[in-house]
Amino acid sequence: VPASGLGTRLGTADPKALVALAGRPMVLRAVDGLLGSGVVDGVVVTAPPGRLAVLRGLLPPGGVVVVVDGGVDRVESVHAALRHVDEASVILVHDAARCLCPAAVVRAVVEKVRTGHDAVVPAIGVADTLKRVGPDGHVDATVDRTGLAAVQTPQGFSPEVLRAAHARAVADRLAGRGVPATDDAGLVEAIGGAVVTVPGDPRAMKITTPLDLAMAEALVTAGPVPR
Ligand code: C5P
């Protein structure tokens, strides 16, 4: 669980993962969601800068959850966490900011990896019309949204493939060829790996802005809602 972002767009004093959503820090909700899915045996969380001790104090002791320092960006944070993952048949990478992801999505991702897929992402269709817009605000083109999807986390991987993808990403960076990656499946694609999808869920939304946080709080307090 990379949780080391500052969450500048949220505009809070605390780093995003430590911001409370309906009374409970997002990172705790994310970890609870994974462990509560019944298919996750252990979690490695990367702490926001300078918050290692705070996060260790919040998370339950006992070795199921390990907290380590993150890195300067998401890739570095995931890489740092991977060093602390030992034996695993499946590795999930899950953004702390997607802390309301339903257990069914977690289970679907794990099951798909177990059927022999090296990289699995939850995906949802795009509802809006998409346009490519130039820096001056002018529309250059309308993008055909057929076949486009927004992807979420947790993303699931066979450990060898995820480690290979990260090793390449780090090597590329050192060689000055690094490209910014916003998800781990993208790193697998970059080494020629195949990525498949399972149905995502709107509740696995990434909480980024104050509006996202307000909507997520409304979801938590509303209880079950029709989709
Ligand atoms: O900033 P954004 O919301 O895209 O970050 C996605 C996830 O990556 C968040 O859970 C955030 O905490 C994490 N992240 C990280 N280390 C960084 C930057 C972001 O773990 N240096």
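Suppose only helical runs count, i.e. DSSP H with n ≥ 4. What mean residue ellipticity at 222 nm does that imply for the chain under -39500 (n - 2.57) per run, divided by all residues and rounded to the nearest 500 deg cm²/dmol?
My calculation for the chain gives -10000 deg cm²/dmol from helical runs alone.
Any number yet on Rg/Rh for the chain, C-alpha, Kirkwood?
Radius of gyration relative to Kirkwood radius: 0.96.
Suppose each label sits 7 Å from its Cα in the direction of the beta carbon; what would the residue 104-residue 146 distance come out to in nanometres?
About 2.9 nm, to one decimal.
Share of antiparallel DSSP beta bridges in the chain, in percent to the nearest 5?
Around 60 percent of the beta bridges assigned by DSSP in the chain are antiparallel ones.
Calculate, in whole percent, how much of the Cα-Cα pair population of the range 85-203 lies beyond 17 Å.
Value for the range 85-203 (Cα pairs over 17 Å): 62 percent.
Find, to one decimal place in angstroms, the Kirkwood hydrodynamic radius of the range 149-227, where the mean of 1/r is taken over every pair of different Cα atoms and then inverted.
15.0
Using only the Cα atoms, work out Rg/Rh for the range 73-150, with Rh taken as the Kirkwood radius, to two decimals.
When Rh is taken as the Kirkwood radius, the ratio is 1.09.
Kirkwood hydrodynamic radius (Cα pairs, Å) of the range 1-87?
Value: 13.1 Å, from the Cα pair sum.
Defining a contact as two alpha carbons under 8 Å apart and six or more residues distant in sequence, what relative contact order in percent does the range 85-227 show?
Answer for the range 85-227 is 35 percent.
Across the Cα atoms of the range 11-61, what radius of gyration and what greatest pairwise Cα-Cα distance (Dmax) are found, in Å?
In Å, with Rg to one decimal and Dmax whole: 11.3, 34.
Quick note: the coordinates plus some simple rules give every number you see, no bench work behind them. These numbers were taken from a predicted model, which means no experiment stands behind them. In this analysis, Cβ positions are derived from the backbone assuming ideal geometry, glycine residues included, and neighbour counts consider all displayed protein chains.
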